[in-house]
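Please read the structure below before turning to the comments.
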Amino acid sequence: MISLSKIEKEIKKIEQDVTNCKRCDLWKTRNNPVAGEGSVTTKVMFIGEAPGYNEDMQGRPFVGKAGKILDELLYSVGFERKEIYIANILKCRPLKNRNPLRKEIKACTSYLDKQIMTMKPKVIVTLGNFASSYVLEKFGFQAERIGKIHGKIFHIKNLLFDTRIIPSYHPAAAVYNPNLKNALMKDFKSIIEAI
Ligand code: URA
Ligand code: SF4
């Protein structure tokens with residue numbers, strides 16, 4: 001039998017815990033939880049907000065319209081999905097894609113914290129206001145509105161981490177706004193600088 005690496009085992013365990021999770025009410029209306037997907041040895045982790053309709057149906061992150069834009073952005077900087085890891089703040093879909101509630105974020109983010117702690121990526125790209133605020137504040141930075149801080153590089157350097165956080169817009173915001181797509185492309189170029 002192929003023995004899984006320690007990191008793979010830990011990430012599988014988190015995925016399993018998410019599958020069984022009932023810590024907030026979103027488990028009642030989910031079709032599938034979306035723990036995350038990709039390479040567990042990645043240098044770059046992307047963090048979105050929460051599953052939408054397509055993600056909830058398929059149990060995979062960023063597979064709808066926003067996912068198509070994310071794929072284009074990844075391609076523009078030379079990444080394939082299988083090389084990176086994609087997670088979300090919430091692992092279950094809020095109905096009608098409403099914003100995550102504070103209590104849901106509080107209930108769910110220990111899973112994301114464990115994913116970050118286990119993989120210790122060199123770069124974390126946070127997509128949109130919710131992911132950016134959560135991750136920046138977790139590491140002691142002040143999170144201002146995404147329009148102000150997108151594309152900036154926040155460096156965490158301590159005993160455990162040597163990691164750069166790059167906040168960017170949420171790809172869904174670019175579905176109907178080509179200007180934001182250009183800004184996203186520019187932000188994604190910072191990933192290459194930061195690796
Ligand atoms: N939007 C997100 O924030 N995450 C997904 O997985 C899909 C769309
Ligand atoms: Fe559990 Fe998170 Fe799903 Fe709520 S959103 S049920 S905390 S996995």
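The values are calculated or read from the model by the stated rules, or taken from the named source; none is laboratory data. What you see is a predicted model; the values in this text were computed from it and never measured. In this analysis, Cβ positions are derived from the backbone assuming ideal geometry, glycine residues included, and neighbour counts consider all displayed protein chains. The protein model used for the area step is the full one, side chains on, heavy atoms only, and it has no ligands, DNA or RNA in it. Shrake-Rupley method; radii C 1.70, N 1.55, O 1.52, S 1.80 Å.
Other residues whose C-beta falls under 11 angstrom from the C-beta of ASP25 contribute a net charge of +4, scoring Lys and Arg +1 and Asp and Glu -1. Working note: Cα gyration tensor of region 1-97, eigenvalues times five, square-rooted, sorted largest first, giving semi-axes of 22, 20, 9 Å. Rolled with a 1.4 Å probe across the full set of protein chains, the surface gives MET185 an accessible area near 60 Å².
Counting only protein heavy atoms and a 1.4 Å probe, the chain has 54 square angstrom of accessible area per residue. If you take the Cα centroid of region 166-183 and the Cα centroid of region 1-52, the two points sit 25 Å apart.
Counting only protein heavy atoms, what percent of the accessible surface of the chain is carbon or sulfur at a 1.4 Å probe? Answer for the chain is 52 percent, counting heavy atoms of protein chains only. Full extension from ASN177 to ASP71: what is 0.36 nm times the residue separation minus their Cα-Cα distance, to one decimal in nm? Contour length minus Cα-Cα distance gives 36.5 nm.
Loop-located trypsin sites (Lys or Arg not before Pro) in region 115-160 (DSSP state other than H, G, I, E, B) with a sparse environment of at most 13 neighbouring Cβ atoms within 10 Å: ARG145.
The Rg/Rh ratio of the chain, with both radii computed over alpha carbons and Rh defined as the Kirkwood radius, is 0.94.
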